[in-house]
Amino acid sequence: MMLLSGRKASKALKETLKNKIVKASEKYSKSPSLAVILVGDNPASLSYIKGKKKACELVGIDYKLYHLKEDVSQFELETLIVELNQDEQIDAMILQLPIPKHLDENYLIDLISREKDADGFHVVNQGYLYQHKKTIYPATPKGIIGLLDFYQINVEGMNATIIGRSNIVGFPVARMLMDRGATITVCHSKTKDLKSHTINADIIVVATGRPHILTKEMVKSGVIVVDVGINRVDGKLIGDVDFDEVSKIASMITPVPGGVGPMTIYGLLENTFELYLEHQESKIKSF
Ligand code: NAP
């Protein structure tokens, strides 16, 4: 069994990105910048944004945090997003999810302009994705594909089963695997007999937030497993896969932590850099 280490892959990829950023920052006399909007003090979000900040600093992206109170109003948050949309110094932004229930998440995500949408959640960016056009890909699916590329895994002709159909992970990753020539099956909470969809899969991506939803009885020997899930159980971070047992059968598998997580952050860095390049080039064209 081979471990698909997102830590190792992202470390190498960040070095390459850092070099690109150094060169581009000289050329355009400006570093890329990412604004992160955090509402409240959700401990998981605080930990994620700490990782994002560290990664930005490492590659030379200016990281700017807007930390708002839990009870911030919809209007205040909208005003901030509109200001950041117009701020020439900001190339990219994200709204760290989840946000408190009194705020309209879908509206706020769509308010972030397509040109600054570092998470790739904007309806236009997602529309481009589903039309197989160049776009800003959602960070986690982009990170997963980056991980497969890093380990030179060619999915063409493979049977790929994706468990989970969210707009930010399951559905886009299915589309991206299909674009690479895999034959896809997408499962969700209404799927009957999950095992019948996983047992013949060559590659399985699990993104449900349900610990141990994928067990050894459900997979064939030599399967490749990508575990996106993040669950805190008894104070320990685990994925959606019964790693101890499935790793005995799989040919390759991602660990949790250290698998998809670091690659998601890397996806965010790359998206920020791509948006920055778009801005710099459009400034030059408009002169
Ligand atoms: P989500 O929006 O809650 O979606 C979960 C998906 O799982 C839904 O499509 C749901 O089906 C499906 N599901 C739930 N129970 C199921 C079951 N018993 N059988 C089959 N499918 C089932 O979650 P998400 O945002 O996609 O995230 C999924 C997991 O990945 C979470 O643990 C999240 O924390 C983690 N995550 C990790 C990273 C990372 O960087 N490592 C990034 C993003 C998310 P329905 O659509 O029918 O409800």
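The single condition from (1) in contact (Cβ under 8 Å) with a residue 40 or more places away in the chain; (2) touching a Cys at 6+ places or on another chain (Cβ under 9 Å) that residue 155 fails is (2). Tally the residues that are within 22 Å of residue 33 (Cα to Cα), assigned to a loop (DSSP other than H, G, I, E, B) and open to solvent by 10 Å² or more (accessible area, probe 1.4 Å), restricting the search to the stretch 114-134. Residues flagged as within 22 Å of residue 33 (Cα to Cα), assigned to a loop (DSSP other than H, G, I, E, B) and open to solvent by 10 Å² or more (accessible area, probe 1.4 Å) within the stretch 114-134 amount to 4.
One residue alone among 254, 215 is within 14 Å of the ligand (Cβ to nearest atom) and farther than 24 Å from residue 47 by Cβ, and that residue is 215.
When you scan the stretch 35-79, how many residues do you find that are touching a Pro at 6+ places or on another chain (Cβ under 9 Å), open to solvent by 50 Å² or more (accessible area, probe 1.4 Å) and among the polar types (S, T, N, Q)? The total comes to 1. Pairs are defined by a Cβ separation below 7 Å, a sequence spacing of at least 6 or placement on different chains, a first member in the stretch 218-246 that is farther than 23 Å from residue 145 by Cβ, and a second member that is assigned to a strand (DSSP E or B) and of a type in the set (S, T, N, Q); the pairs so defined are 238/231. For residue 282, the conditions (1) at pLDDT below 95; (2) within 16 Å of the ligand (Cβ to nearest atom); (3) of a type outside the set (Lys, Arg) are fulfilled apart from (2). Here the stretch 141-158 is the region considered, the condition is being within 16 Å of the ligand (Cβ to nearest atom) and farther than 19 Å from residue 185 by Cβ, and the residue that is surrounded by the fewest Cβ atoms within 10 Å (Cβ to Cβ) is 150.
Here residue 99 meets each of (1) closer than 23 Å to residue 30 by Cα; (2) touching a Gly at 6+ places or on another chain (Cβ under 9 Å); (3) not basic (Lys, Arg) with one exception, condition (1).
Criterion first (in contact with a strand residue (DSSP E or B) (Cβ under 7 Å, 6 or more places away or on another chain) and not in a loop (DSSP other than H, G, I, E, B)) does residue 38 satisfy it? Yes; evaluated as a whole, the condition is true for this residue. For the stretch 254-271, enumerate the residues that are among the small types (Gly, Ala, Ser) and within 17 Å of residue 63 (Cα to Cα). Listed by number, the list holds a single entry, 267.
Residue-level analysis places residue 30 outside the set of residues that are out of contact with any Pro (no Cβ under 9 Å at 6 or more places or on another chain), under 26 Å from residue 149 (Cβ atoms) and not polar (S, T, N, Q).
Keeping to the stretch 216-234, report how many residues are in a strand (DSSP E or B) and over 21 Å from residue 155 (Cα atoms). Summing the residues that are in a strand (DSSP E or B) and over 21 Å from residue 155 (Cα atoms) in the stretch 216-234 gives 3.
Taken together, 260, 233, 246 contain a single residue that is more than 9 Å from the ligand (Cβ to nearest atom) and at pLDDT 95 or above, which is 246.
Screening residue 81 with (1) assigned to a helix (DSSP H, G or I); (2) out of contact with any Leu (no Cβ under 6 Å at 6 or more places or on another chain); (3) more than 16 Å from the ligand (Cβ to nearest atom) gives one miss only, at (2). For the stretch 159-215, the tally of residues that are in a helix (DSSP H, G or I), open to solvent by 70 Å² or more (accessible area, probe 1.4 Å) and touching a helix residue (DSSP H, G or I) at 6+ places or on another chain (Cβ under 6 Å) stands at 1.
Picking from residues in the stretch 216-240 that are open to solvent by 20 Å² or more (accessible area, probe 1.4 Å) and of a type in the set (D, E, K, R), the one that is farthest from the chain's Cα centre (by Cα) is 217. Residue pairs whose Cβ atoms lie under 6 Å apart, sitting 6 or more positions apart in sequence or on different chains, and linking a residue in the stretch 65-89 that is within 19 Å of residue 46 (Cβ to Cβ) to a partner that is among the acidic types (Asp, Glu) and open to solvent by 50 Å² or more (accessible area, probe 1.4 Å), do not occur here.
The values are calculated or read from the model by the stated rules, or taken from the named source; none is laboratory data. None of these values were measured; they are calculated from a predicted model. A quick note on method: Cβ atoms are made from the backbone with ideal geometry, for glycine too, and the neighbour counts reach across all protein chains shown. Accessible surface areas use protein heavy atoms only, side chains included; no ligands, DNA or RNA. Shrake-Rupley method; radii C 1.70, N 1.55, O 1.52, S 1.80 Å.
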